[in-house]
1. Please determine, by comparing only the residues of segment D:34-76 that are over 22 Å from the mean Cα position of the chain (by Cα) and not in a helix (DSSP H, G or I), which one is nearest to ligand 4 (Cβ to nearest atom).
2. Would you list the helices (runs of 4 or more DSSP H) that sit entirely within segment C:381-477 and hold 2 or more residues that are of a type in the set (Gly, Ala, Ser) and modelled with pLDDT of 90 or more?
3. Here are C:Gly200, C:Gly223, C:Gly214, C:Gly204: which of them is within 14 Å of chain D (Cβ to nearest Cβ), out of contact with any strand residue (DSSP E or B) (no Cβ under 8 Å at 6 or more places or on another chain), in contact (Cβ under 8 Å) with a residue 12 or more places away in the chain and of a type outside the set (Ser, Thr, Tyr)?
4. Scan segment C:166-183 residue by residue and report those that are assigned to a helix (DSSP H, G or I) and within 14 Å of another protein chain (Cβ to nearest Cβ).
5. Do we have any residue at all in segment C:487-500 that's facing another protein chain (nearest Cβ under 8 Å) and either modelled with pLDDT under 85 or touching a helix residue (DSSP H, G or I) at 6+ places or on another chain (Cβ under 8 Å) (or both)?
6. Do we find a residue being within 30 Å of A:Gly236 (Cβ to Cβ), within 16 Å of ligand 2 (Cβ to nearest atom), out of contact with any Leu (no Cβ under 6 Å at 6 or more places or on another chain) and part of a loop (DSSP other than H, G, I, E, B) anywhere in segment A:167-179?
7. Which condition breaks for C:Ala288 when tested against (1) at pLDDT below 85; (2) surrounded by fewer than 23 Cβ atoms within 10 Å (Cβ to Cβ); (3) more than 14 Å from chain B (Cβ to nearest Cβ)?
8. Which of the residues spanning segment B:49-79 are more than 8 Å from every other protein chain (Cβ to nearest Cβ), within 24 Å of C:Ala457 (Cβ to Cβ) and either among the basic types (Lys, Arg) or not in a strand (DSSP E or B) (or both)?
Amino acid sequence: MAKLTLNRVAKDFGTGRAAVSDFSLDVREGGFLALLGPSGCGKTTVLRMIAGFETPSDGSIHLGERLLADAAQSLPPEKRNMAMVFQSYALWPHMSVAGNVGYPLKVRGVSGEAYRAKVGEALSTVRLADYAGRRPADLSGGQRQRVALARCLVTSPDVVLLDEPLANLDRHLKHEMEETFREFHQRSGATMIYVTHDQSEAMALATDVAVMSEGRLLQVAPPAEIYARPEGRIVGGLIGRGAILTLPVMGGERQLEWDELQDALQAANTDGADILVRPEDVIIGGEGGCRNRRIRAVRG
Amino acid sequence: MAKLTLNRVAKDFGTGRAAVSDFSLDVREGGFLALLGPSGCGKTTVLRMIAGFETPSDGSIHLGERLLADAAQSLPPEKRNMAMVFQSYALWPHMSVAGNVGYPLKVRGVSGEAYRAKVGEALSTVRLADYAGRRPADLSGGQRQRVALARCLVTSPDVVLLDEPLANLDRHLKHEMEETFREFHQRSGATMIYVTHDQSEAMALATDVAVMSEGRLLQVAPPAEIYARPEGRIVGGLIGRGAILTLPVMGGERQLEWDELQDALQAANTDGADILVRPEDVIIGGEGGCRNRRIRAVRG
Amino acid sequence: MPGYVRTGNSQPPWLFPFVVITVLILSVLPLARLAMVGIAAFANGGIIDVLSAPSLWSATYYTIVTSVVGTMISLVIGCLFAFLLTLTDIRGKGLLSFFFVLPMMIPPQVTALAWVQMSGPSSPLLKALAIAPPLGSPQPLYSVGGIALLYGVQHAPLVYLALRAGLMTLPRDGVEAARLSGASSFRVFSDIILPLSLPGIIAGAAISFVSCTGNFGIPAILGIPASIFTLPTLVFTKFSAFTSRTFGDVAVLSAIIAMISVAGLMIQDRALRGRDYRVIGLSGASAAVELGAWRFLFTPILWAILSFMLAAPFFALVAGALVPAYGVPLTFKTMSLHAFEEILFRQAVTRTAFVNSISLAGATAVCLLVVTVLAAYMLTRRKDAASRIIASLIEIPYSLPGIVMAVAFILLFAAPIPFLHISLYGTIWIILIAYFSWFFAVSLKPVVSAFHQLDPALEEAARLSGAGFFRRLSDIIVPLIAPAAGASVILVFLIACNELTISALLWSAGTQTLGVAIYNLDDSGSSDLASALSVLVVLMVVIMMLLLELLAKHLPKGVVPWRN
Amino acid sequence: ANLVLYTSQPNEDAQATVDGFMAVNPDIKVDWVRDGTPKIIAKLQAEIQAGNPVADLLLIADMVTLERLKQEGKLLAYKSPEAAQYDATLYDADGYYYSTKLITTGIMYNTSAGMKPASWKDLTRPEAKGLVTMPSPLASGAALIDAQTLAAVPGLGWDFYKSLAENGAIAAGGNGAVLKSVASGERAYGMVVDYLPIREKAKGAPVEFVFPSEGVSAVTEPVGILASTRNAEAAKKFVDYVLSERGQEGFLKLGYIPARNGMKVPDGFPARETIRVLPVNAAEALKNTDQDLKTFSGIYGSN
Ligand SMILES: Nc1ncnc2c1ncn2[C@@H]1O[C@H](COP(=O)(O)OP(=O)(O)OP(=O)(O)O)[C@@H](O)[C@H]1O
Ligand SMILES: Nc1ncnc2c1ncn2[C@@H]1O[C@H](COP(=O)(O)OP(=O)(O)OP(=O)(O)O)[C@@H](O)[C@H]1O
Ligand SMILES: [Fe+3]
Ligand SMILES: [Mg+2]
Ligand SMILES: [Mg+2]
């Protein structure tokens, strides 16, 4: 396993608007990167380029020293030892649940007892041991998603790509699955990239959070860091709750105390910097009065 | 518009385990029902029976006085004036985004300027005005979901069925769409049934929340009520955060004060009732000490 | 109550009766009429004689063997072309697929003769290579293998067209998921692509198989010299020595052919049972494979196969049309356009035949498509015994030799229709009805397999939009199965265009078809005129295909099979 | 209604015959349908089964077929005044059918062939090993008559067919297939009806036709009226026409040997007297048809 490097990667589908552009990102060996961003910002496209389904129209992708793809050549997906949960699940309708889950093992030549044991284990991790013989068409949406999950985690891939893998699961299962990811990550040491819209998921699991918008990378940082010091309005808006105020505050300070903020709030001019106010930083001092609030605002 | 009544409805796919059984539910006229439950519990199946894609193997479904379906006969879906967001979106790959969204209008004979205006409006509500000419295959997952949403809301259906319609959207869009649902609901007065795994979504929008598990309905109540007084462990676990303790508490009281709870906690015997403790009911009285906590526990 | 439907039934209530009545008219009535006459012919006994004749059982054996082997060959060739031309980035796809459907246009007899000559002592090709066998050496094509090979060549385009439609909806992400699982291209193919395209492959195999069991032209030329009789050639010889028992014999032979094809259908049914090919949440992104260096292997293979299948027989035809008599070597001196002149400007029958055949083939293809879409809808939605029986009944006519169906229709319609007092016999309508009956199976197969692959949610979404049956049929279902519908229309049109055996018995003054005209010219010794007419038919089809190409922009995606 | 003729004559010949008739009888319109004998008979039989035969007249390859129809009572007897000009063996004594021309079966060979055959027996010589083809009696009426005729000739008989088979001869398809096979050089020798190779030779094909010394068999393309006809008068006129000198001239022009006495032969044929036509009795042949077919099939391994 090695560092995954995306170097000024771009992808244009020829629709006039590049889906991904100038995207540079390092995911450290064994890192767990959460990729956040609004719908349609290019997250799936990034994953698909890492997996090798799309070739970047520009830039290059490396795993350690190994070139995975650039605009001219590309290592085929089957040689990358990666695994992915597709946003659309991509289950094979002609195979049973067990067949779907076991297929990556079969391809790797695992058979017999080892095969059955691994498939069984993967299925019970996603709570589908009873459904091994069903066809995907006869499953509920969340069950399908779990089959896709089990298939993704059944082998020991170098890189695991998860495209909103928990979107259709209920809270309990979601937590369980998060636990599973954590364990899997620790056990296997795989590099994981996890696309989600749920930032609490992201915060809970990731060693790093990357935020993108309209095909561009806005910020990468550890969760606490990105929460505390989001760069720009979009990142601030996506990460955690809070209100963003546009206030005429000058200077390089990244943290404002209440009195500074109050001054700025009372100024008539509302041009200036974006100020993010987190709810936990708002502490009501007295009995509902407005005067004594303590606010720590973070500059975006 | 009228009340939607499900009367002891059951559905068995012949897999040995009924997908839905003995399911009775009234959704009041113009109600907004959130349907919660763990993955695979039968939510989609209930929606599909209401829409008319599955006929109940037992029981009956009425809209007002009108029989929609029972085990012997069924009103075909096209005559029910309902709309649905499918969990798998079910977009038509051969039509453009605008074509998908406008199709229900076309079928209803809307054309010309009115058609264009409505489609345009629906598309801009879901922030896809720029994508009108694309094919679904060229959209991101969240964009596809939004197309499905727009298609669902473009007409004036009597009943709107939403099957995890926001699962693939980011937080901002999610909030916007929730707002859209609320507006749509108020404006149209349609009865809405909303399947989700996100109980905060459910709480925010719904006039009623129904919780089901393993094909059975556990509880229906307004959000505040179900939050405050969940019936049983599963409902309590699904709705809001909190810890469920199994304690030897007797009596019919539904609320316990801290001292009662403390007594029970100190008893050696842990057989007995399930007690749900909500985080907001846990108020730390002193500076981190354990003694003075004020806890309001709710009995499941 | 009005508007309600019975449970478990998403179809309009009239659909089932409609299909049943159609099948009754097109299959059951003619077959029953033939059976009645057959039974009457045996009224004085004799059935034992027929059944105990060794010739019957050897013909049955040869029919099965040649059909099975022929089907396998057509599968190999048809699948090769379908997979490479639909899924890969091989060069010249358009041209290859354009040409690949043409061999269906060349009458089987012509193909067979062209191949015999190509591999015989007088083969210009072998002579040029100096490996021509000496005069009198045995002809390798006069054998079971030869018949099967020609069956394979003749029917490969059927497989291609039936399969292509399914491949076009192969989901991209399924293939990608397999590749990411580590599967090599070959494994992706065998584990994912092949099973997912199985409905199309099986449909292709089934049409190919029933075409083989009913084929007359090829075993007549390649089989009889080697004393290999198949059931259709046997049927034909029964007609040549007519006795009072002939109808009985023919009915028995037909029943055996029907049983073979129903057995084939049952195997098909078994193969498909319990499989689910619906692609969930189909988004329309279809799979594509890059060939890379393999291209340099496959491109020449495809062109080589194509040249054997199409170029050789076609040039044999052209040569036959350009020389004044059979056996005269084609040189600049002997070459003449006289045959074309004669056909185009002097033979009155040419124009009549073109008009008749094109309108018959066009009407058959288009009208049948309408019936087929309805029938396929019903057959895939109902999974009961009744629908299986109906499916078999649709299949039987095409599996019988055309002459048998023609006789059945004469028996049915020679006398004016009771009550209506209309006589169809001797008009073009009887040919049309017989075509409907005969080509029903051809038209149905690709459409049914497309229905098998359709995610029902797509139709459900349309129903909820308020679209009634016909509305969603025309807006959603037909566009979604457009490739299959296109394949169905083109298959039927091409085969019907120079169909011979049915119209041979049913034509009368003014209703000659192209097949009849070509056959009659050839049979009268005017093989130059026959070849010239055949060449003109092929050219006409090419022109029509080019016209379609111009129209393709306005048609749903995938309808025109040689476009990607 | 128009007079309907079912014929197995080639297209152009059928049209010429009908045109000739209509020139003489301008008030009678004739529709004709042509096809190979087996198909025409299948069509006719099916129509009869259905109770509505359409044809009024038949003009098809051989007397055996018409003899069968006569015995089934499907034919109308008509004593044509023209019969006097014909050999008694060429028409039915009761007037059910009349021969119209002689189509003999002889030997054709490719001009590149090593041996020039002169007799049937030559085809069994080693030079012809694997080079002989003949039409199958199962596919061609003329071929059946030929086999039945030759089988009755002393010195030939079924033994001749056996030695042919041993010499690698095949029985394939109809006469057209034999012509193509020999003309293209795929086989060197063929047993075939006379007019095909003679016509092709005239067009330049590398083939020759010989009338074997033992004699040739012949089919006579008889004409007969169906009992169910609704146009009996017109049909009788047609019979008279084809038997008349004028009608026979027409056949001659088309390249056939007219059946009528005292007519010339077409170009490329030897004088009528030098052609030895072996006799065949239609009624007799019909009786033996099944047996003969079996015998033939036994020799050639087919059904
Ligand atoms: N066509 C079918 N055949 C057999 N079983 C089915 C079929 N469709 C659904 N089921 C089963 O019925 C149960 C209920 O399915 P349903 O789709 O209603 O669940 P759900 O509540 O929507 O779940 P999710 O939140 O995961 O979408 C599941 O256990 C599922 O496996
Ligand atoms: N095949 C394609 N052809 C053209 N445009 C495409 C194609 N696939 C994706 N796009 C466009 O590229 C952009 C990025 O898409 P992508 O699927 O990467 O978004 P995403 O971040 O995964 O969004 P979501 O959260 O909604 O799944 C979108 O605007 C989408 O419309
Ligand atoms: Fe004949
Ligand atoms: Mg995505
Ligand atoms: Mg569901």
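1. Out of the qualifying residues, it is D:Ala50.
2. In segment C:381-477, the matching helices (runs of 4 or more DSSP H) lie at C:428-452.
3. Numbers: C:Gly200 fails: within 14 Å of chain D (Cβ to nearest Cβ); C:Gly214 fails: within 14 Å of chain D (Cβ to nearest Cβ); C:Gly204 fails: within 14 Å of chain D (Cβ to nearest Cβ).
When all the criteria are applied, what remains is C:Gly223.
4. Hits for segment C:166-183 are C:Gly166, C:Met168, C:Arg172, C:Asp173, C:Gly174, C:Val175, C:Glu176, C:Ala177, C:Ala178, C:Arg179, C:Leu180.
5. Taking segment C:487-500 and keeping what is facing another protein chain (nearest Cβ under 8 Å), we get none.
Within segment C:487-500, not a single residue is facing another protein chain (nearest Cβ under 8 Å) and either modelled with pLDDT under 85 or touching a helix residue (DSSP H, G or I) at 6+ places or on another chain (Cβ under 8 Å) (or both).
6. yes
7. Result: C:Ala288 passes all but (3).
8. Of everything in segment B:49-79, those that are more than 8 Å from every other protein chain (Cβ to nearest Cβ), within 24 Å of C:Ala457 (Cβ to Cβ) and either among the basic types (Lys, Arg) or not in a strand (DSSP E or B) (or both) turn out to be B:Met49, B:Ile50, B:Glu54, B:Pro56, B:Ser57.
The values are calculated or read from the model by the stated rules, or taken from the named source; none is laboratory data. None of these values were measured; they are calculated from a predicted model. Positions of Cβ are generated from backbone atoms using ideal geometry, with glycine treated the same way; all protein chains shown enter the neighbour counts.
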